[in-house]
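Before any comments, here is the structure.
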Amino acid sequence: MKYMLIMRAGDEAFAGMGEIDFNEMIATIGEYNQEMIQAGVLLAAEGLDDAAEGVVVDYSADPPVVTDGPYGETKELFGGFYILNVASKEEAVEWAKRSPMAGPGFKTEIRRVTTIDEFPQDNEWIKKEREWREATGQL
């Protein structure tokens, strides 16, 4: 099963990160990533740019309203993600508990990634998506 670990950091966490040497932080995260690679569970991992560089498309109006970042409260933002292929939610939780990005203000949300097999296979759009996934080597 695939699980997404959504990495969140609040104001307190961001303040603490400023006190850590960047190369030390990268090495610590690199070691964690390497453990997941060696265990064969890591499928993807990406960090996100500063929220101040992003935009929000709000569909509450017609036409949608586009707002430059930063937006929302820091606790609502996430800074990156991992996608793991593990046997259970409990295993995903165990990997999340080992994250070096831990301490006051850090949180990890864990969500199962659904598969195309969970949707009605006779639906024309599911068929088209399955064809695309097969053609691009995703299935």
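Placing pseudo-labels 7 Å out from each Cα toward the beta carbon at residue 26 and residue 38 gives an inter-label distance of 2.1 nm. Going by accessible surface with a 1.4 Å probe and the largest first, 32, 59 read 59, 32. Rolling a 1.4 angstrom probe over the chain with all protein chains present gives an accessible area of which 53% lies on carbon and sulfur atoms.
In the full protein context, the chain carries 71 Å² of accessible surface per residue, based on a 1.4 Å probe and ignoring ligands, DNA and RNA. Each residue, residue 46 and residue 132, gets one label point 7 Å from its Cα in the Cβ direction; the gap between the two is 1.5 nm. Taking every alpha-carbon pair under 8 Å whose residues sit at least 6 apart, segment 53-126 reaches a relative contact order of 16 percent. Distance in nm between label sites at residue 111 and residue 125, each 7 Å beyond Cα in the beta-carbon direction? Between residue 111 and residue 125, the simple spin-label model gives 1.8 nm.
On a per residue basis, the convex hull of the C-alpha atoms belonging to segment 52-124 measures out at 165 Å³. Using C-alpha pairs under 8 Å with a sequence gap of at least 6, the mean separation divided by the residue count of the chain gives a relative contact order of 42 percent. Under the convention that each Lys and Arg Cβ holds +1 and each Asp and Glu Cβ holds -1, the size of the dipole of the chain around its Cα centre is about 560 debye. Sequence-ordered 3J(HN,Hα) estimates for segment 28-34 from the Karplus curve with 6.51, -1.76 and 1.60 and θ = phi - 60° stand at 5, 5, x, 5, 4, 4, 4 Hz, glycine and proline given as x.
Of the options (i) 9.1; (ii) 11.3; (iii) 10.0, only one is mean projected area of the Cα convex hull in nm² as computed from these coordinates, and that is (ii). Mean residue ellipticity at 222 nm, helices only, the chain: -10000 deg cm²/dmol; runs of at least 4 DSSP H residues each add -39,500 (n - 2.57), and the sum is divided by the number of residues.
The values are calculated or read from the model by the stated rules, or taken from the named source; none is laboratory data. Treat the numbers as computed from the prediction; the structure is a model and nothing was measured. Neighbour counts run over all protein chains shown; Cβ positions are idealised from the backbone, glycine included. These area figures cover heavy atoms from the full protein model, side chains too; ligands, DNA and RNA do not enter into them. Shrake-Rupley method; radii C 1.70, N 1.55, O 1.52, S 1.80 Å.
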